[in-house]
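**Q** Okay, handing you the structure first.
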Amino acid sequence: MKNYALMSLLLVVLFSCKKDAVAEKEEEKIVIENQKEAQTEAAATVVNVTPSTVLDATFWSGIQTMLQTNHVDVVFADGTYNITSTITLSNIGSATKRLQLKANTVGAAVLTGSIAKLMSLNNCQNILIHRLKFTGTVSEYALVIQRSPNITVAYCRFEDMPNLYYGAVGAHYSTSNNIIIRQNQFSNIGVGSTAHMIYGAFGVKRLKVIENTFTDCSGSFIRFRGDNSTHGVVYGNTFNSTGTYMVNGTGVNPIFVEVPVFNDVNPGDETFGTSFMVTKNNFNYATVGNQSTRFALAFHHSGFNPTGRTHLISVADAATLGNGTVAEKRAIMSSKLGLDGAKILYGGNNNVNLSTHVVYRCWEAYGATAPWTGVVSISSAVTSTGLATTYDEAFVFYDDLY
């Protein structure tokens, strides 16, 4: 017994030492990251703005000139910025000098307005949007990023925008490569099923959604729309659908992560992206409200078949997708849908009131006739290995491909 007790004590001590070492290493990493960020900020040219500053093309042209020689921090003073004309950055940024648009306190600089878009980035690069709050009766996007690589949105707030038709954040086109949306809070977004908290579309690459909190959206929370929008990461987020967000008088529980294509021409011109990683998320659905769309990850098709693919699958193919072996399911996914089950990485998520994880859904639309419409689970045909297990791994996931 004495030997057993001694061995147990030794194991406890060893485990404790190992745990302390891991904690110390993690703390050291955080300190190093904070030091690097502080050094960059200390070296930056600081431009202070207030709610009365005119943020027009002349202002941003001056910022671009500064970026030729130094990092630049545009610091938004605390207060409410009533935006009457979209804050537009066009051809702004430097590959080697970072531009940061920031508030000193999370959510203390509030951008609001009754316009289509609060902020727009087009043909920009290497920009960090940090700690700003977006809210109000905006009709299209709070923030839209187009043709702009290496953009990060961190510690921002996107709250109470019930009139949005498209999204709180939009990231569009293939040159919008490596868009990082991390550690933000989104809540109460959208007027209907067309609205999303994050809307990636038209070939966006490496849109990475990491450690955000999402609560109540009228449409799917995150959308990676077709035209080969691909290599998306959804890691460590918390998704909350309360079932009390009302659309047309009905409480909604939309899809959390959706990969759709909408083919309104014949043949269709949108195809699925096929490489996604969805892991370590908390998926929380309510037991009230609509219960028919409680899916963590859905591949959705509407309209005509694109060239070389048969998204409008037969009844027999749908049955095989639902009940076949993994090999049989993957064969249909590959040959008909252009999806590779080995590249759809899904697992390690926590689920509340969620029993259907990964699905394929097909609708008739735009005059196309579908042999089969409905929803079928493809959960067993995706891959649960090779997932990121840390924030750092998620942050650089797929980077070796570009």
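Here, each number is a calculation from the coordinates, and none is a lab measurement. Please read all numbers here as calculations on a predicted model, not as lab measurements. Glycine also receives a Cβ, built like all others from the backbone with ideal geometry; neighbour counts cover every protein chain displayed.
**Q** Normalised by the residues of the chain, what does the relative contact order come to in percent, with Cα pairs under 8 Å and at least six apart? Kindly include the intermediate steps, with their values, before the conclusion.
**A** On the way: 1111 pairs, mean separation 34.4, N = 402.
Computed over the chain, the figure is 9 percent.
**Q** Turning to a different aspect of this structure: What shape does region 91-209 have by the C-alpha gyration tensor, where a ≥ b ≥ c are the square roots of the eigenvalues, rounded means a/c under 1.5, and otherwise prolate means a/b greater than b/c and oblate the rest? Walk me through the numbers before you get to the answer.
**A** Details: a/c = 1.80, a/b = 1.24, b/c = 1.45.
Here region 91-209 falls in the oblate category.
**Q** A further question on this structure: Hey, quick one: spin label on LYS343, modelled 7 Å out along Cα-Cβ, who in region 188-227 has an amide N within reach, i.e. under 18 Å?
**A** The answer is 201-208, 224-227.
**Q** What ranking, highest mean first, results for peptides 227-239, 280-292 when packing means the other Cβ atoms within 10 Å averaged over each residue?
**A** Descending mean neighbour count gives 227-239, 280-292.
**Q** Could you check the simple spin-label distance between SER114 and THR383, using points 7 Å along Cα→Cβ, in nm with one decimal?
**A** Taking the simple label geometry, SER114 and THR383 are separated by 5.2 nm.
**Q** Kindly identify the chain as rounded, prolate or oblate by the Cα gyration tensor criterion: order the square roots of the eigenvalues as a ≥ b ≥ c, call it rounded if a/c is under 1.5, otherwise compare a/b with b/c, prolate if a/b is larger, else oblate. Kindly include the intermediate steps, with their values, before the conclusion.
**A** Values: a/c = 1.75, a/b = 1.14, b/c = 1.54.
Because a/c hits 1.5 or more and a/b fails to exceed b/c, the chain counts as oblate.
**Q** Return the subset of LYS102/LYS208; LYS117/LYS343; LYS117/LYS208; LYS102/LYS343; LYS97/LYS208 for which the Cα-Cα distance in this structure is over 30 Å, preserving the input order.
**A** Numbers: LYS102/LYS208 20 Å; LYS117/LYS343 35 Å; LYS117/LYS208 22 Å; LYS102/LYS343 36 Å; LYS97/LYS208 22 Å.
The pairs that break the limit, which is 30 Å between Cα atoms, are LYS117/LYS343; LYS102/LYS343.
**Q** For ASN48 and ASP392 in the same chain, what is the full-extension length gain: residue separation times 0.36 nm, less their Cα-Cα distance, in nm?
**A** Values: separation 344, 0.36 × 344 = 123.84 nm, distance 3.18 nm.
Here the segment from ASN48 to ASP392 would lengthen by 120.7 nm.
**Q** Highest mean first, how do 48-58, 196-206, 379-389 rank when packing is the count of other Cβ atoms within 10 Å averaged over residues?
**A** Numbers: 48-58: 12.3, 196-206: 25.6, 379-389: 16.4.
Packing order, densest peptide first, comes out as 196-206, 379-389, 48-58.
**Q** Explain nothing, just the number: dipole magnitude of region 41-401 about its Cα centre with +1 on each Lys and Arg Cβ and -1 on each Asp and Glu Cβ, in debye rounded to the nearest 20. Please report the intermediate quantities before stating the final value.
**A** On the way: 22 positive and 22 negative charges, 47 e Å.
Here the size comes out at about 220 debye.
**Q** Oh, and also: Show that you can apply the helix-only estimate: for the chain, add -39,500 (n - 2.57) for every DSSP H stretch of four or more residues, divide by all residues, and state [θ] at 222 nm to the nearest 500. Can you show the working numbers first?
**A** Details: 5 runs with 75 residues, N = 402.
Counting only the DSSP helices, I get -6000 deg cm²/dmol.
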